[in-house]
Amino acid sequence: MASAKANRGMKLFMAAALAGTALVSACKGGGSSSSAPAGDTIKVGILHSLSGTMAISEVTVKNATQLAIDEINASGGVLGKKIDPVVEDGASDPAIFAQKASKLIENDGVQTVFGGWTSASRKAMLPVFEKDANLLWYPVQFEGNECSPNIMYSGAQPNQQALPAYDWAKEKGYKKIFLVGSDYVYPRTANLVLKKHIAKDGLTLSGEEYQPLGGTDFSGVIGKIKGAKPDIIINTLNGDSNVAFFKQMSAAGMGPKVIPVMSFSIAEQEAMAMGPALVDGGYTAWNYYQSLDNPANKKFIADYRAKFGKDAVITDPMIHGYIDVYVWKAAVEAAKTTDPVKVRAAAVALAAIPTPMGPVKFMDNNSLIQTAYIGQSQPDGQFKIIWTSPAAVNPDPYDPVSFPGKTCKI
């Protein structure tokens, strides 16, 4: 439960959200502009891994993005035009993400792109968006240490997910921390940030191990965890590797109820795909859970299930993929053009808007203000929220402890 101070902070944020409601309502009616592309449609790209090790997580983000587009089209479109999505498969390969991003912009003529999951895919795409002066809406938590005018970072910065999770663990008395991650940009940099804070706070780094993305042999890692006897494991594995890790930990008698695990990339979708029993009792840190109790979230869940199946579950990246489309629409309507430079400027000037995850607003560093949560996995694959940040957290791309003196200027 949030404190009285937290409630006051949220009330102030909700008040700001009311100012944005009129804008969102007006946007739903569509409009017209000579700055819109010629023709009856506006092309946008959806670029996610529909195959490979990351498909377990990214297919549903694609679905949520498509749902937002369908809803907007049903209510009149954008600038009086329907959105025409061009869907591409990044195939869990950063090089393919870059190739498909280039195709979408240069061959298909999309006005913006929604997609990406791994930081490796984002960094591979970034030069394409900068060269072509286009705009990527990136919906997943990441490691920070990046700030580009060509990316809207709606996923969590480290101070909105990784560091709140670390602070929570510290407050619980966990002093010996073992880091396990996939071997690419996000886990390496996120763990660099965590290590800086572990050292600053005088805690113990019990170990740090990485596996290739999609790797499935954790016997050596588990042996080192056994020897180190950590108080908690912080897990930055991604994709199918999580299935192998938790299965092998369970087989070794080291499930989450024996050694606490804090994961940053396991949400409701992954928990159900893996089998909830494997992660039951484990912890995660996100800015959204399906269990959030508000009318907008209940409606979103019902609408998603009506389109994609009554047993479908909702995750943090899915909701970010969904709201990214609505913020893009609101920014296009405010700017009266689909020009990416003007849309970006309009997006960061919008008032906070209500969404299924609560009121949200982009700051001028292209990142989203949002609440941080800690959840504990339940036997049904859902997460019980056990901690909520006192107020919505402003995004900071450069952790001052890890990257002193660096700031984001766009």
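List every residue pair whose Cβ atoms lie under 6 Å apart, where the two residues are 6 or more positions apart in sequence or sit on different chains, the first residue falls within the stretch 60-85 and is free of Cβ contacts under 8 Å to residues at least 60 places away in the same chain and farther than 19 Å from SER49 by Cβ, and the second residue, located anywhere, is hydroxyl-bearing (Ser, Thr, Tyr) and part of a loop (DSSP other than H, G, I, E, B).
GLY80/SER32
Here is a list: ASN150, ASN145. Which entry is crowded, with 21+ Cβ neighbours inside 10 Å, in contact (Cβ under 8 Å) with a residue 24 or more places away in the chain and under 20 Å from the mean Cα position of the chain (by Cα)?
Values: ASN145 fails: crowded, with 21+ Cβ neighbours inside 10 Å.
So the residue among ASN150, ASN145 that is crowded, with 21+ Cβ neighbours inside 10 Å, in contact (Cβ under 8 Å) with a residue 24 or more places away in the chain and under 20 Å from the mean Cα position of the chain (by Cα) is ASN150.
Pairs, please: C-beta under 8 Å, at least 6 apart or cross-chain, first residue on the phi > 0 side of the Ramachandran plot and at pLDDT below 95 and in the stretch 197-219, second surrounded by 12 or more Cβ atoms within 10 Å (Cβ to Cβ) and part of a loop (DSSP other than H, G, I, E, B)?
These pairs meet every condition: GLY214/GLY52; GLY214/THR53; GLY214/SER92; GLY214/GLY239; GLY214/ASP240.
Out of everything in the stretch 373-410 that is among the small types (Gly, Ala, Ser) and farther than 13 Å from LEU163 by Cβ, what residue ends up being surrounded by the fewest Cβ atoms within 10 Å (Cβ to Cβ)?
GLY405
Is it true that PHE97 is within 30 Å of ASP399 (Cβ to Cβ), assigned to a helix (DSSP H, G or I) and not aliphatic (A, V, I, L, M)?
Yes; evaluated as a whole, the condition is true for this residue.
Return yes when SER92 is free of Cβ contacts under 8 Å to residues at least 60 places away in the same chain and assigned to a loop (DSSP other than H, G, I, E, B) and no when it is not.
no
From the set of residues in the stretch 350-372 that are among the small types (Gly, Ala, Ser) and within 12 Å of GLN160 (Cβ to Cβ), which is surrounded by the most Cβ atoms within 10 Å (Cβ to Cβ)?
Checking each candidate, the answer is SER367.
For MET254, state whether it is modelled with pLDDT of 95 or more, part of a strand (DSSP E or B), surrounded by fewer than 24 Cβ atoms within 10 Å (Cβ to Cβ) and not hydroxyl-bearing (Ser, Thr, Tyr). Outline the logic, then answer.
On the way: modelled with pLDDT of 95 or more: yes; part of a strand (DSSP E or B): no; surrounded by fewer than 24 Cβ atoms within 10 Å (Cβ to Cβ): yes; not hydroxyl-bearing (Ser, Thr, Tyr): yes.
Spelling it out, it is not the case that MET254 is modelled with pLDDT of 95 or more, part of a strand (DSSP E or B), surrounded by fewer than 24 Cβ atoms within 10 Å (Cβ to Cβ) and not hydroxyl-bearing (Ser, Thr, Tyr).
I'm told GLU130 meets every condition in (1) surrounded by fewer than 21 Cβ atoms within 10 Å (Cβ to Cβ); (2) in contact with a strand residue (DSSP E or B) (Cβ under 7 Å, 6 or more places away or on another chain); (3) within 21 Å of TYR186 (Cβ to Cβ) except one. Can you identify the failing condition by its number?
Tallying (1) surrounded by fewer than 21 Cβ atoms within 10 Å (Cβ to Cβ); (2) in contact with a strand residue (DSSP E or B) (Cβ under 7 Å, 6 or more places away or on another chain); (3) within 21 Å of TYR186 (Cβ to Cβ), GLU130 fails exactly one: (2).
Quick check, is VAL341 out of contact with any strand residue (DSSP E or B) (no Cβ under 8 Å at 6 or more places or on another chain), under 28 Å from LEU136 (Cα atoms) and touching a residue at least 60 places away in the same chain (Cβ under 8 Å)?
Taking the combined requirement at face value, the residue satisfies it.
Of the numbered conditions (1) crowded, with 17+ Cβ neighbours inside 10 Å; (2) at pLDDT 95 or above; (3) assigned to a helix (DSSP H, G or I), ALA271 satisfies every one except a single condition; which is it?
(2)
Here is a yes/no grid of residues against (1) surrounded by 19 or more Cβ atoms within 10 Å (Cβ to Cβ); (2) among the polar types (S, T, N, Q); (3) over 17 Å from ALA68 (Cα atoms):
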residue: PRO260; (1), (2), (3): no, no, yes
residue: SER263; (1), (2), (3): yes, yes, yes
residue: LYS299; (1), (2), (3): no, no, no
residue: GLY309; (1), (2), (3): no, no, no
residue: THR315; (1), (2), (3): yes, yes, no
residue: GLY321; (1), (2), (3): yes, no, no
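For the stretch 44-56, state whether one or more residues are among the hydrophobic types (A, V, I, L, M, F, W, C), assigned to a helix (DSSP H, G or I) and either modelled with pLDDT of 50 or more or over 24 Å from the mean Cα position of the chain (by Cα) (or both).
Yes, some residue in the stretch 44-56 is among the hydrophobic types (A, V, I, L, M, F, W, C), assigned to a helix (DSSP H, G or I) and either modelled with pLDDT of 50 or more or over 24 Å from the mean Cα position of the chain (by Cα) (or both).
Residues of the stretch 363-403 being under 17 Å from ASP316 (Cβ atoms) and either hydrophobic (A, V, I, L, M, F, W, C) or without any contact (Cβ under 8 Å) to a residue 12 or more places away in the chain (or both), which ones?
The first filter runs over the stretch 363-403 and keeps only residues under 17 Å from ASP316 (Cβ atoms), leaving 367-378, 381-389, 392-393, 395.
Once the filter is applied, which keeps residues that are under 17 Å from ASP316 (Cβ atoms) and either hydrophobic (A, V, I, L, M, F, W, C) or without any contact (Cβ under 8 Å) to a residue 12 or more places away in the chain (or both), the stretch 363-403 yields LEU368, ILE369, ALA372, ILE374, PHE383, ILE385, ILE386, TRP387, ALA392, VAL393.
Within the stretch 104-119, is there a residue that is in contact (Cβ under 8 Å) with a residue 12 or more places away in the chain, of a type in the set (A, V, I, L, M, F, W, C), part of a helix (DSSP H, G or I) and within 25 Å of GLN157 (Cα to Cα)?
no
Just checking, which of PRO149, PRO230 is within 21 Å of PRO397 (Cα to Cα), assigned to a loop (DSSP other than H, G, I, E, B) and modelled with pLDDT of 95 or more?
PRO149
In the set ILE410, ILE385, which member is within 24 Å of GLU268 (Cα to Cα) and among the β-branched types (Val, Ile, Thr)?
After applying the criteria, what remains is ILE385.
The values are calculated or read from the model by the stated rules, or taken from the named source; none is laboratory data. Keep in mind the model is a prediction, meaning the values are calculated, not measured. All Cβ positions, even for glycine, are placed from backbone atoms using ideal geometry, and neighbour counts span all protein chains on display.
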